[in-house]
Structure formats: structure tokens, C-alpha cells
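The structure appears below as C-alpha cells.
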Amino acid sequence: MTLEGKLLIGQQAVEGSRVAIRAINPATNESLEPGYPGGTQADVERACELAWAAFDDYRHTSLEARAAFLEAVADEIESIGDDLIERAMVETGLPQARLLGERGRTCGQLRLFARTVRAGEWLDVRVDPALPDRQPLPRADLRQRHVALGPVAVFGASNFPLAFSVAGGDTASALAAGCPVIVKAHSAHPGTSELVGRALQAAVKKCGLPEGVFSLLFGSGREVGQALVKDSRIKAAGFTGSRSGGLALWQIAQSRPEPIPFYAEMSSINPVFLLPAALNARGQALGEAFVGSLNMGAGQFCTNPGLVIAVKGAALDAFMAAAAEEVEASAAQTMLTPGIFEAYEDGVVTLAGNDRVREVARGRKGEGPNQCRTGLFAASAQDFLASEALQAEVFGATSLVVECSGVAELAKVAECLEGQLTATLQMDDADLDAARALLPTLERKAGRILVNGWPTGVEVCDAMVHGGPFPATSDTRTTSVGSAAIFRFLRPVCYQDMPDALLPDVLKAHNPEGLERLVDGRREG
Ligand code: NAP
């Protein structure tokens, strides 16, 4: 498939007029054709105008029509075939198997949202019928459902070029909610973005939807991204990336005359607690498995285990020895972009240069450009507690082991942590009391608490939470993965004493959609 290097605004392909962005193959540092001239404020304006014009029609589509659209997007992405995987490989340095898996996840999540839309539970229909004879005051007829917020801006993530980019989780959940979407493509993979953007365009056309349901803009975050978040027709935004970028955009979203929800997923070091009995019983196996998780995707996962916390002693020594051996044998891996590689190197140099930190092991040096060497470092709990800098995320395959004097100090470390996407307990039955004592702290700190697993690998399902307190995300109440992500783009509306003829179908007396509803405090349907 020939790439055109154009913005996709509604059904049009439009030539940008700013400096062209070119993807760089991180494995060779070669720049890739075509160039993608960036968009301007006028392009943002046009995309927002179309999205706003599409909003009322799109949000009123039937559950079936919207679900069929999400399935059509998945079908269109699959029909691109190998071209998509090949382009994503050269733009990201990620291996074929990972990208095939990611395409499966992307299409799977679009289909999960189709199922969610059809089921209709997200409408959260509540009916409190009138009680005209109630004393001392009668009750009005009150009916509630959720409606879409409005057009949503999505910032594609660098580290998931498919599953968290143009048709990724933010886009799928916003479209499922009934919101048109305008994507600001990540500049690291514009060709992949164009291919997926065209699949979305084709699905919009095939399903007969208004063209403004989807647009894709290329260009700089400072021009295109900020203009999008400022536009009064944008009613929410989703972002995955750096803490500084997320906070800058969040600030803009909150400073608008009409502030809007800005869902940023930013920074998490995903602590792993090795509880004493588990560490004693299987320190070596834990050390080996931990490095497997640390090295996944060159550590470029938001759920990468960047912190290990354990009580020092012979069992931790066995863990460290096994982990060090695995780290030293780890091959260097190409990172996503030269910028991300530089940020990784800077982070490792800062960590290694901290006089409270000692180097435990480094992985093998790479021969090509932008290759990340795995790193394992250690610090005492006292030093960790005294230095906020040791909590900074090093995005890549580096982790810090915090050595505690006892279980009480381990709890102190847990208490001082910032908000996290995940917290992991490695534990045996004899650790139950220690785990029980930690749990209230971990619930306050993390969105997902795992036992005897590793945080990398996020299932896309109904019960998943990929979120957590700041700085893991900017809104601790939500998840960006799984079907509950739809709630980020909805708000409740209550209809009081509205005649049946005026009510939306899902609220009508005879329940034509056959949805389960909460009627006078009881589940019905
Ligand atoms: P990024 O620099 O935050 O960029 C993400 C997106 O936001 C890009 O589209 C970028 O636009 C835009 N942007 C950034 N700062 C902005 C600002 N001040 N105003 C408007 N738009 C802005 O993230 P990245 O490029 O993916 O990676 C950089 C670093 O982010 C990594 O080294 C890593 O530390 C961190 N990161 C963390 C996670 C995580 O899950 N925790 C994931 C990915 C990255 P441009 O096109 O202009 O750059």
C-alpha cells in the first residue's frame, strides 16, 4: 500500500503545510519516506468543525450500528495485512511477533467494545417511577442514562504503535461511548498511523457515518496537540506518554474557559514486593522470572517492574545473584526512538551516579544504534526513603532493588511510594499476614494488585484496571484498558417527568431495547 503522507480530515486526505515529520528506523537511524508535513491551527479547526457536526448524529446511532462500526474498523485493520506489520517494524524496531500480537490485541479490543456497546450496561439505566401519593411530598418520575461527552482528542502512544495509537484503547472506548475522535499521531510512527487511519476512514464510509466521526492529524504536539486540547468543541482527551508532556497538556485542559477531563497515563515504576517466605523458597527462580519481565519490549512498557522491594539476607542474595546472571546475559535491544534511547541513557547515568546507589549488573552492550542495555541497581531502604529522585521512572529495562532491614521497613517503603499502575506481591502461604498488612497501603497506591505474577502483560477484559493515583494517571478514578474505559467519555443525564414519547428508547416505559435496568431499586430486564 502506498503511503501518501497526508492528514486525514474526515474523508479527505489533506497536504500539511508545516515542516515534514519523517519516521526514523531506530535500528539503523535511517529516515523513512514519505515525509508527513505537519498540520496547522486551520487543520485542527476543520477537524473539530467536522467532529462537532458529526457528534449528534453519531451519538444517536443504534447500539447495533455503533457495534458494527467498531467491528468494521477491526476488519479493515486486518485487511491491511502484512504491510501494516512491516511498516510498524521499521518505524519502531519492535519484532514481528510482538506486532502481530499487538494487532490481535487492537482488533480484539475493538470487538470487545462492540460487545460492550451491544450489551448496553454502560448506559447504566435507572428508573425511579413517580410516587404521586408519597407523603409528605410526592416524588417526580426520574430516569437516568449515560450520554457521550462530545468529540475526544487522542494522543497516540509511542510504545504501543497499534494497541494505544490511532485505533487503540482510547479511540475504541471513545467511539464506543458515541464520541467522534480526532487523533494527534505520534511522530515516531506516522506511516503505521496513516495505514490505520485509512482503515478507520474506510470503516466510517462503509458504515454510512458522518465523516467527522474520525480525523487523523500529523504535526507537532506544541502546535497541533495544544490547539486540539484548547478547541472548545473538544470535550475530553486521552494521552499516554511522558509525565512532563501529560502534565503540560493537562494544564491546558484545566485552564480552558471550559475545563475538560484530560486522561493522561504517564509514569509508574510498578513495585514488586518479594515477601520473606516466597523469597526463601524460590529466590533464584524469582530472580530469573523477574529479568524476563524487565526485558520485555526493551522495558518500554508502562507496567515494567522498575522497583523490587525485599528484606535483605541470604534469600535476597540468591535472588540478586540469579537476576544478575540473567541481566549480564541479556542482549541489548533496540528502543523505539533515538529520543527515548537518549532519555533512557540519561536516566541510567543519573541512577548510577547517585552515591546512594550501587550497580549490581549490566546487560550486554549493543552493536547498533539506540540499543538499551539492561540494568540492575540496588539501594538500602533508608537511602531510598531519603531520596525522592530514586522513585523517578527510567523508561526502559532498568530496575532498582530496595533492601530493607525487616518487614516493618518494607511497609515504610510501600507507604512512601507515589501512585502506581500496578503493585505485585510474590508470596507463599506463610506470607499471608505480611501481605494482609500491606494490602491497605497498596490499595491506596495502585490500580492493579497482582499476586505471584509479573506486571507486564495487561489483559484487555471487563475487570482490568490500567490506571492508578498520580503520577500513574491524571485521574485516579478511571482505567484506560478494558471495557470500563468507556466510562471516561460518558456523563449521566436525568430526565424528570418527561413524557414517554420524548424519552430516549432505553428509558421508555416498555423498555424496547430489553436492557437490564435499575427500577425502583431493583434490577429488572
Ligand atoms: P511524549 O514526549 O510525552 O510525547 C507523547 C505525545 O505528546 C506526542 O504526540 C508529543 O508530541 C505530545 N507532547 C509531548 N509534550 C507536549 C507538550 N508540552 N505539548 C503538547 N504536546 C506534547 O512521550 P514519548 O514521545 O512517547 O516518549 C518520551 C518519554 O515519555 C519516554 O522516554 C518515557 O520516559 C515516557 N513514556 C512513558 C510511557 C509510560 O507508559 N509510562 C509511555 C511512553 C513514553 P510531539 O509529536 O511533538 O513529540
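The values are calculated or read from the model by the stated rules, or taken from the named source; none is laboratory data. No experiment lies behind these values; they were computed from the predicted model shown. Counting neighbours? That spans all protein chains shown, and the Cβs are built from the backbone with ideal geometry, glycine included.
In segment 130-197, counting only strands (runs of 3 or more DSSP E) that sit wholly within it, the ones holding 2 or more residues that are over 18 Å from L336 (Cβ atoms) and within 16 Å of the ligand (Cβ to nearest atom) span 152-155, 181-184. Can you tell me which of (1) part of a loop (DSSP other than H, G, I, E, B); (2) closer than 21 Å to Q201 by Cβ; (3) touching a strand residue (DSSP E or B) at 6+ places or on another chain (Cβ under 6 Å) is the one T61 doesn't meet? All conditions are met except number (3).
Listed here are the residues, each with its yes/no results for (1) in the same structural domain as N25 (by TED's automatic domain parsing); (2) under 17 Å from G396 (Cα atoms); (3) of a type in the set (A, V, I, L, M, F, W, C).
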{"site": "T303", "(1), (2), (3)": "no, yes, no"}
{"site": "G306", "(1), (2), (3)": "no, yes, no"}
{"site": "A310", "(1), (2), (3)": "no, no, yes"}
{"site": "E325", "(1), (2), (3)": "no, no, no"}
{"site": "G339", "(1), (2), (3)": "no, yes, no"}
{"site": "G347", "(1), (2), (3)": "no, yes, no"}
{"site": "G353", "(1), (2), (3)": "no, no, no"}
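For segment 173-193, a tally of residues being within 23 Å of Y58 (Cβ to Cβ) and touching a strand residue (DSSP E or B) at 6+ places or on another chain (Cβ under 9 Å) returns 13.
One line per residue, one yes/no per condition, for (1) modelled with pLDDT of 95 or more; (2) not in a loop (DSSP other than H, G, I, E, B):
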{"residue": "T424", "(1), (2)": "yes, yes"}
{"residue": "E443", "(1), (2)": "yes, yes"}
{"residue": "G457", "(1), (2)": "no, no"}
{"residue": "D462", "(1), (2)": "yes, no"}
{"residue": "P499", "(1), (2)": "yes, no"}
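Residues in segment 231-263 that are of a type in the set (G, A, S) and away from the ligand (no atom under 14 Å from the Cβ) were compared, and the one that is farthest from T303 (Cα to Cα) is S232. Kindly indicate whether L228 is surrounded by fewer than 22 Cβ atoms within 10 Å (Cβ to Cβ) and within 13 Å of the ligand (Cβ to nearest atom). No, not satisfied. If I ask for residues that are among the small types (G, A, S) and surrounded by fewer than 23 Cβ atoms within 10 Å (Cβ to Cβ), which ones from segment 418-473 would you list? Selection gives G419, A430, A434, A435, A437, G453, G457, A463. From the list V152, V117, the lone residue that is buried (at least 23 other Cβ atoms within 10 Å of the Cβ), in contact (Cβ under 8 Å) with a residue 24 or more places away in the chain and out of contact with any Ser or Thr (no Cβ under 9 Å at 6 or more places or on another chain) is V117. In segment 419-442, which residues are within 22 Å of R243 (Cα to Cα) and either within 18 Å of the chain's Cα centre (by Cα) or free of Cβ contacts under 8 Å to residues at least 24 places away in the same chain (or both)? Once the filter is applied, which keeps residues that are within 22 Å of R243 (Cα to Cα) and either within 18 Å of the chain's Cα centre (by Cα) or free of Cβ contacts under 8 Å to residues at least 24 places away in the same chain (or both), segment 419-442 yields G419, Q420, L421, T422, A423. Looking only at segment 474-507, which residues are of a type in the set (A, V, I, L, M), crowded, with 17+ Cβ neighbours inside 10 Å and in contact with a Phe, Trp or Tyr (Cβ under 9 Å, 6 or more places away or on another chain)? Listed by number, the residues that qualify are V481, A484, A485, I486, L490, L507.
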